[in-house]
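The values are calculated or read from the model by the stated rules, or taken from the named source; none is laboratory data. Keep in mind that what you see is a predicted model, and the values were worked out from it rather than measured. Cβ placement follows ideal geometry from the backbone for every residue including glycine, while neighbour counts extend to all protein chains displayed.
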Amino acid sequence: MREMAQRCGGVLTSLPDGETGERERWIANIAESLRTHPDLDVRRDGHWTSYDDRLDFRVRRGHRLRGRDLDLQHVEPHRVGRRVLDALHAEGAVPADLRFQVGLPGDLDLATFLMGRRGGQVHRRAFTDALLGEIEEIHSADGSEVVFQLEIPLELVLVATAPGLLRPVVARWLAAGITELARRAPVGARFGLHLCLGDLQHRALAQPEDAGPAVMLANAIARRWPAGRPLDYVHIPLAAGEEPPSLDPRAYDPLGRLRLPVGTRLVAGFLHERLPSEEHRAILAAVENVVGHEVDVAASCGLGRRGHEAAVATVDRGVELCLVSAVGVPRARGTTKAPTRTPS
């Protein structure tokens, strides 16, 4: 957090804790903590070296999985991270209104990755209730000074891999679940959406040809987004793991169909360690030409699993984009994040 403040404190729109240490593998630490859960047995062991090498569970015979019995391990990291951010505020290292960003896996993502496809459907409610409990606890402590980033790779992958004619139906069904989670959150809770394609071992679960599937899902969510829960931003991934973003401007044409709520920022997730600055500038120009306004920028997924050198290079290119446009004019615009997942 301190390094991010030093490198780009003036252009951050929110600051996460970096999800470092045992939390660097997104939900893997949650899975490992469930090995001794009294209501669960290991269904398949794994070491998270690939999407097929995952640890997941089944509910023990005669037991019931309930949200109140699940610790998803977001509350204590929030407390620790807020103390760091408060110190940075006191030192004047970051803007006074910079919010703390709490990254939360979506309830369907948690349930499916930790319980399997069928188990995820059966036991989703337990994960929904557990997430809501943690959102309520964090919100009661910090209110609007926190933005909850819902990280939802599974939903976007399902839309991207669905047959073309079924994509709108799949997008609407998934949007209903995402927005129901937000609707049940406390009034006033702030959110950001991190649409994602997965990044385990820097590999994506899908590689769409363009931004079309992400735009379709984002629009479906926006149409149902509940009142009273500000949606600060929507992150659209424009790269896929180790695969850099396309240099073909036509890949970004679907962004012209994006319809976000008034006041919701678009975060273009194309920063990539394999691209030089001039190609980043070309992609930013193509995106902003299509949407007709300036956008925030971020990596397509996390930076913390990339190694320090690659993460720093990506962050520095993001800062450069925020400060200087393709024609050298200073930009008054925020970027995102820290060595972790993206946005705002």
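When you scan the stretch 69-92, do you find a residue that is among the β-branched types (Val, Ile, Thr) and in a loop (DSSP other than H, G, I, E, B), even just one? Don't jump to the end; show me each part of the working.
Within the stretch 69-92, the first condition is being among the β-branched types (Val, Ile, Thr), and the residues that meet it are 75, 80, 84.
When the remaining residues are screened for being in a loop (DSSP other than H, G, I, E, B), the result is none.
No, the stretch 69-92 contains no residue that is among the β-branched types (Val, Ile, Thr) and in a loop (DSSP other than H, G, I, E, B).
Is there a residue being touching a residue at least 24 places away in the same chain (Cβ under 8 Å), on the phi > 0 side of the Ramachandran plot and not in a strand (DSSP E or B) anywhere in the stretch 122-136?
The answer is no, given that none of the residues of the stretch 122-136 is touching a residue at least 24 places away in the same chain (Cβ under 8 Å), on the phi > 0 side of the Ramachandran plot and not in a strand (DSSP E or B).
Identify all residues within the stretch 1-32 that are under 12 Å from Gly302 (Cβ atoms) and crowded, with 22+ Cβ neighbours inside 10 Å; write none if there are none.
Those that are under 12 Å from Gly302 (Cβ atoms) and crowded, with 22+ Cβ neighbours inside 10 Å: Pro16, Gly18, Glu19, Trp26.
Name the residue that is surrounded by the fewest Cβ atoms within 10 Å (Cβ to Cβ), counting only residues in the stretch 251-266 that are not in a helix (DSSP H, G or I) and not small (Gly, Ala, Ser).
Residues of the stretch 251-266 that are not in a helix (DSSP H, G or I), as a first pass: 258-266.
This time we only want the ones that are not small (Gly, Ala, Ser), so: 258-262, 264-266.
Working: Leu258: 19, Arg259: 10, Leu260: 18, Pro261: 13, Val262: 4, Thr264: 20, Arg265: 21, Leu266: 21.
Of everything passing the filter in the stretch 251-266, Val262 is surrounded by the fewest Cβ atoms within 10 Å (Cβ to Cβ).
Is it the case, given these coordinates, that Asp210 is in contact with a strand residue (DSSP E or B) (Cβ under 9 Å, 6 or more places away or on another chain) and acidic (Asp, Glu)? Steps first, answer last, please.
Values: in contact with a strand residue (DSSP E or B) (Cβ under 9 Å, 6 or more places away or on another chain): no; acidic (Asp, Glu): yes.
Considered against the rule, which asks whether it is in contact with a strand residue (DSSP E or B) (Cβ under 9 Å, 6 or more places away or on another chain) and acidic (Asp, Glu), Asp210 comes out as no.
Restricting attention to the stretch 57-65, does a residue exist that is touching a strand residue (DSSP E or B) at 6+ places or on another chain (Cβ under 8 Å), in a helix (DSSP H, G or I) and surrounded by 20 or more Cβ atoms within 10 Å (Cβ to Cβ)?
No; the residues of the stretch 57-65 include none that is touching a strand residue (DSSP E or B) at 6+ places or on another chain (Cβ under 8 Å), in a helix (DSSP H, G or I) and surrounded by 20 or more Cβ atoms within 10 Å (Cβ to Cβ).
Go through the stretch 226-250 and give me each residue that's modelled with pLDDT under 95 and part of a helix (DSSP H, G or I).
The answer is none; no residue qualifies.
Select from the stretch 137-184 the residues that are among the acidic types (Asp, Glu) and in a helix (DSSP H, G or I) and write down the one among them that is surrounded by the most Cβ atoms within 10 Å (Cβ to Cβ).
So in the stretch 137-184, the residues among the acidic types (Asp, Glu) come out as 137, 142, 145, 151, 155, 180.
From the residues that got through so far, the ones that are in a helix (DSSP H, G or I) too are 137, 142, 145, 155, 180.
Values: Glu137: 14, Asp142: 16, Glu145: 15, Glu155: 25, Glu180: 14.
The extreme case among them is Glu155.
Quick check: anything in the stretch 104-116 over 19 Å from the mean Cα position of the chain (by Cα) and over 22 Å from Leu195 (Cβ atoms)? First the steps, then the outcome.
Residues of the stretch 104-116 that are over 19 Å from the mean Cα position of the chain (by Cα), as a first pass: 115-116.
Going one step further and asking which of them are over 22 Å from Leu195 (Cβ atoms), we end up with 115-116.
Within the stretch 104-116 (the criterion being over 19 Å from the mean Cα position of the chain (by Cα) and over 22 Å from Leu195 (Cβ atoms)), the answer is yes, since at least one residue qualifies.
Return the total of residues in the stretch 34-54 being at pLDDT 95 or above and either in contact with a helix residue (DSSP H, G or I) (Cβ under 6 Å, 6 or more places away or on another chain) or among the hydroxyl-bearing types (Ser, Thr, Tyr) (or both).
2
Quick test of your reading of the structure: Gly302 fulfils all but one of (1) touching a residue at least 40 places away in the same chain (Cβ under 8 Å); (2) closer than 26 Å to Ala185 by Cα; (3) surrounded by fewer than 22 Cβ atoms within 10 Å (Cβ to Cβ); (4) not aliphatic (A, V, I, L, M). Name the failing condition by number.
Every listed condition holds for Gly302 apart from (3).
Within the stretch 305-313, does at least one residue satisfy the condition of being outside any loop (DSSP other than H, G, I, E, B), modelled with pLDDT of 90 or more and within 20 Å of Leu197 (Cβ to Cβ)?
For the stretch 305-313, residues outside any loop (DSSP other than H, G, I, E, B), modelled with pLDDT of 90 or more and within 20 Å of Leu197 (Cβ to Cβ): absent.
Can you tell me which residues in the stretch 14-38 are part of a loop (DSSP other than H, G, I, E, B) and either touching a strand residue (DSSP E or B) at 6+ places or on another chain (Cβ under 6 Å) or among the small types (Gly, Ala, Ser) (or both)? Before the answer, list the steps.
Here is the first cut: in the stretch 14-38, the residues part of a loop (DSSP other than H, G, I, E, B) are 16-20, 24-27, 37-38.
Matches in the stretch 14-38: Pro16, Gly18, Ile27.
Output yes when any residue across the stretch 40-47 is more than 22 Å from Leu303 (Cα to Cα) and crowded, with 18+ Cβ neighbours inside 10 Å, and no when none is.
The first filter runs over the stretch 40-47 and keeps only residues more than 22 Å from Leu303 (Cα to Cα), leaving 40-46.
Subsequent filtering for residues that are crowded, with 18+ Cβ neighbours inside 10 Å retains 40.
Yes - at least one qualifying residue is present in the stretch 40-47.
So that you can scan it fast, the table gives a plain yes or no per residue for (1) over 22 Å from Pro153 (Cβ atoms); (2) free of Cβ contacts under 8 Å to residues at least 40 places away in the same chain; (3) among the small types (Gly, Ala, Ser):
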site	(1), (2), (3)
Ala5	yes, no, yes
Gly10	yes, no, yes
Thr13	no, no, no
Gly18	no, no, yes
Ile27	no, no, no
Arg35	yes, yes, no
Leu40	yes, yes, no
Trp48	no, no, no
Arg54	no, no, no
